[in-house]
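Q: First, the structure itself, so that you have it in front of you.
The values are calculated or read from the model by the stated rules, or taken from the named source; none is laboratory data. It should be emphasised that the depicted structure is a prediction, and the values quoted were computed from it without experimental measurement. Here the Cβ is made from the backbone with ideal geometry for all residues, glycine too, and neighbour counts use every protein chain on show. SASA here: full protein model, heavy atoms, side chains in, ligands and nucleic acids out. Shrake-Rupley method; radii C 1.70, N 1.55, O 1.52, S 1.80 Å.
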Amino acid sequence: MGKVTVAATVVCAAAVCAAAALVVRRRMKSTGRWARAVAILKEMEEKCGTPIGKLRQVADAMTVEMHAGLASEGGSKLKMLISYVDNLPTGDEKGLFYALDLGGTNFRVLRVQLGGREGRVVKQEFEEVSIPPHLMTGSSHELFDYIAAALAKFVATEGEGFHVSPGRQRELGFTFSFPVRQTSIASGDLIKWTKGFSIEDTVGEDVVGELTKAMERIGLDMRVAALVNDTIGTLAGGRYHNKDAIAAVILGTGTNAAYVERAHAIPKWHGLLPKSGEMVSKLSADIHI
């Protein structure tokens, strides 16, 4: 009965909106404003529309730059960064996992209990923490100590419904949405800060190492299992729910993307080819607001 009521409400709401739109349209027509509105929209469409031929030129040029970026460091206007992520979620994952998302003036901490194919997301909780402005331009030590302290406080509130597997250390996925040159699945050196951050002593340093040292200083027993940026996190979330997801795009204060590439199509990858035959590549246009 509840579903029927909701459906009926939605249908009624849609009908009311449609009726209101007709009334507005008739009122505009009667005052002559409708013709002016249509003319403005048509002009916008003509001026903003991009010919198919031009779109194909853009796509072709982007493909060339992507291939050049995959071939060598600094060989392209696009930063084609290797992620070291060669496997994405399948939906079969089980256990308690933590996540830390640092990508702006706020950061988020999250815990989730996964129940495998049948249980999926059993339970999850998160908290958002603001970063004081002085920490965005202070020292690396101060910033990561602040983050580690907030993370430890969040872990201390872990209640019923969350269970760490016996003998296992708590694992953390670290989403760090700044340009990083990754050196392994759980390490990466900061290339530069963006989004209002300017902490000189972090540039060139391993951000996972900085966070790990801060956690050790306060006795937080947790291991960073993976370092990713926001696009890879989005792609992983998409793959968790849809096995056909192959790319993710972020359009925000920064513009970047991630997609699944064939490992042998990345000439600058010098390690062993992953068993999956795939590697997630990060594409950064280096555009930041």
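Q: Would you check which residues across the stretch 207-262 are of a type in the set (Ser, Thr, Tyr) and over 23 Å from residue 112 (Cα atoms) and list them?
A: First, pick out the residues of the stretch 207-262 that are of a type in the set (Ser, Thr, Tyr): 212, 231, 234, 240, 253, 255, 259.
Across the stretch 207-262, the qualifying residues are 253, 255, 259.
Q: Within the stretch 164-198, can you find the residues that are acidic (Asp, Glu) and either outside any strand (DSSP E or B) or exposed (fewer than 15 other Cβ atoms within 10 Å of the Cβ) (or both)?
A: none
Q: Just to be sure I understand, how many residues within the stretch 93-135 are open to solvent by 80 Å² or more (accessible area, probe 1.4 Å), outside any helix (DSSP H, G or I) and modelled with pLDDT under 95?
A: Count: 4.
Q: Scan the stretch 210-227 and give yes if some residue there is out of contact with any helix residue (DSSP H, G or I) (no Cβ under 8 Å at 6 or more places or on another chain), assigned to a helix (DSSP H, G or I), modelled with pLDDT of 95 or more and at negative phi, otherwise no.
A: Within the stretch 210-227, one or more residues are out of contact with any helix residue (DSSP H, G or I) (no Cβ under 8 Å at 6 or more places or on another chain), assigned to a helix (DSSP H, G or I), modelled with pLDDT of 95 or more and at negative phi.
Q: Please specify each residue of the stretch 138-163 satisfying the condition of being part of a loop (DSSP other than H, G, I, E, B) and surrounded by 14 or more Cβ atoms within 10 Å (Cβ to Cβ).
A: Those that are part of a loop (DSSP other than H, G, I, E, B) and surrounded by 14 or more Cβ atoms within 10 Å (Cβ to Cβ): 138, 158, 162.
Q: Continuing with the same structure: Select from the stretch 65-92 the residues that are of a type in the set (Lys, Arg) and exposed (fewer than 15 other Cβ atoms within 10 Å of the Cβ) and list them in ascending order. Break it down stepwise before answering.
A: Of the stretch 65-92, the ones of a type in the set (Lys, Arg) are 77, 79.
Scanning the stretch 65-92 gives a single hit, 77.
Q: List every residue pair whose Cβ atoms sit under 9 Å apart, with the two residues 6 or more apart in sequence or on different chains, where the first one lies in the stretch 206-219 and is in contact (Cβ under 8 Å) with a residue 12 or more places away in the chain and farther than 12 Å from residue 145 by Cβ and the second, anywhere, is open to solvent by 60 Å² or more (accessible area, probe 1.4 Å) and not charged (D, E, K, R).
A: 206/183
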